[in-house]
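All remarks here apply to the structure that follows.
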Amino acid sequence: MEKIYISYFPRIIIILGLLILLSFFHLKGIIPYDEGWVLHPAVRFLQGDVPYKDFHFIYTPGSIFIAAFFLKILGESILAARIGAILISFTTVIVCYKIGKLTTNSTLLAILPPLMFILWGPTHITFLWPTMLAVTGGIITVFFLLTALKKKSKKYFFLAGILTSVTVILKQNLGLALIFNVICFFLFIKEARQQYNFLWYFSGLLLIFLIFLTYLLNSHSFFPFLQDFYFFMIEQTILKGMQSTPFLPADIIPKVIIKLYFYLIPLVISLIALIVAVKKKSRFFILATFPIFYYLLGIRPTTDYVHLTPLLSLIGFPFALLMAKVKSTGKRSIIAVNFILVLVLAVYSILFKGFYRWQDPILKHSYFLENPRSRVFTDSKSYYIITKITEFIQNHTLTKDPIFVYTYSPLFYFLTDRKNPTKFEYLPPNLLSENDQKEIIQNLEDNKVHLIVTDAPIIYQNTLIANFIKNNFNPSYQIDISTIWTR
């Protein structure tokens, strides 16, 4: 018994240390816009609303389902969702290590993938974000594929198919990237094509897609889903460039060079790893193609710090592959220097870069938001703004009363347990058609909404909604750039 205790003691310490580390970061940072974009739809789903039919959603709905699951079993709070994020990150770290061990046979090199995932993933994105969830789905899929080859087990091909479908349902562009990676896996690895392995994979893939299709049809949301997908993804994002940003912002040349390195390193390292793996005829080339496809389908149209960090969280895989396959001391030194540079950039970003771009660095998020629907830490400015706005809403409306938040801070619905009387959570002025705005105004009138929160100045806006607010409501409370309007 004592020997068993001694052998498991280091593992227990590592697991506890990892959970403490992940909890330290995941319980910090509150994002009223993007986090609210997942949590409030999750509450609407639990209350019986159907995504796409009863409210619009840009992405495939997997993140809503996952958030709703944790809110259902742990209660409706940001803390409940963050506990879910901790468990998902913990699982991902373990799987990253197992992939590293499987492909390098080195404990030291096996640490590189989980280390990079932690430094660029949970430390930068602390909530249930569709992109990070899709990163986890992709990592687990790759693990199942490699395990299927090692154990010659059809079960793991089936599980890989299931996780591929789940990843598509979590975020469509990264799910498509994962499918491209799997196609390469079956095309270029001979063992993968034997004994009907692809049929087992495809059956897992098809099973989840059929379940999802059945859900859409039974909930009468199939056609609304297609309409939302076409409008947000095809028309607005691809054709009109709604979310498009420059690949590199204009800046002085030294900063541009640093940013260029920062933005291209995931792709460059992965391409080098792919070349090395192909020359070595290694089946582990998918550890290079995986981040390549995620990068190519994930870096545009919105190229910024927030969307880059999940892509950087995958960079440990090509680094580990290179260190395992390259034998030249000089080349290994160059690889090691670049690894250290990426590691230093990650640590610098954690210590000094604003969390989610606009807030204080994550380590300064030490103000505990005691709202029972929150129970996590934030920075001083966010604490003050969120507290004042939620207190005003709670003092001037009743629970479940309809309010309206314009343009994009749906977390205030969640924190105050108030209803959104419209189908819209995301309302940038350039997105809504005239008919959309008329529909929203009619919803506000029909539901007798008497409190509206605007999260940016609307005095110079000339949209139908902005004019409706200015003509029918009075500005009652101003805090930072937000205004609360009442009538």
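The values are calculated or read from the model by the stated rules, or taken from the named source; none is laboratory data. Just so we're clear, the structure is a prediction, and the values are computed from it rather than from any experiment. Neighbour counts are summed over all protein chains in view; Cβ atoms, including those assigned to glycine, are modelled from backbone coordinates with ideal geometry.
Every residue, every condition in (1) loosely packed, with under 14 Cβ neighbours inside 10 Å; (2) of a type outside the set (D, E, K, R); (3) closer than 16 Å to Thr407 by Cα, yes or no:
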residue: Lys448; (1), (2), (3): yes, no, no
residue: Leu451; (1), (2), (3): no, yes, yes
residue: Thr454; (1), (2), (3): no, yes, yes
residue: Ile458; (1), (2), (3): no, yes, yes
residue: Lys470; (1), (2), (3): no, no, yes
residue: Ile481; (1), (2), (3): yes, yes, yes
residue: Ile484; (1), (2), (3): no, yes, yes
Would you confirm whether or not region 382-395 contains a residue that is free of Cβ contacts under 8 Å to residues at least 60 places away in the same chain and part of a loop (DSSP other than H, G, I, E, B)? no
Considering only residues that are without any contact (Cβ under 8 Å) to a residue 60 or more places away in the chain, closer than 19 Å to Trp485 by Cβ and surrounded by fewer than 20 Cβ atoms within 10 Å (Cβ to Cβ), which ones fall in region 396-418? Thr397, Leu398, Asp401, Pro402
Of the residues Ser482, Ser433, which single one is of a type in the set (Gly, Ala, Ser) and either without any contact (Cβ under 8 Å) to a residue 12 or more places away in the chain or assigned by TED's automatic domain parsing to the domain that holds Pro41 (or both)? Ser433
Return the pair list, or none, for Cβ contacts closer than 7 Å from residues in region 320-341 that are closer than 19 Å to Phe285 by Cβ and in the same structural domain as Val278 (by TED's automatic domain parsing) to residues that are outside any helix (DSSP H, G or I) and of a type outside the set (Val, Ile, Thr), at least 6 apart or on different chains. Ala324/Ser106; Lys325/Lys280; Lys325/Ser282
Could you check region 325-363 and list, in sequence order, the residues that are crowded, with 16+ Cβ neighbours inside 10 Å and part of a helix (DSSP H, G or I)? Lys325, Ile335, Asn338, Phe339, Val342, Leu343, Leu345, Ala346, Ser349, Ile350, Ile362
Among the residues in region 445-466, are any at positive phi and outside the structural domain of Phe57 (by TED's automatic domain parsing)? yes
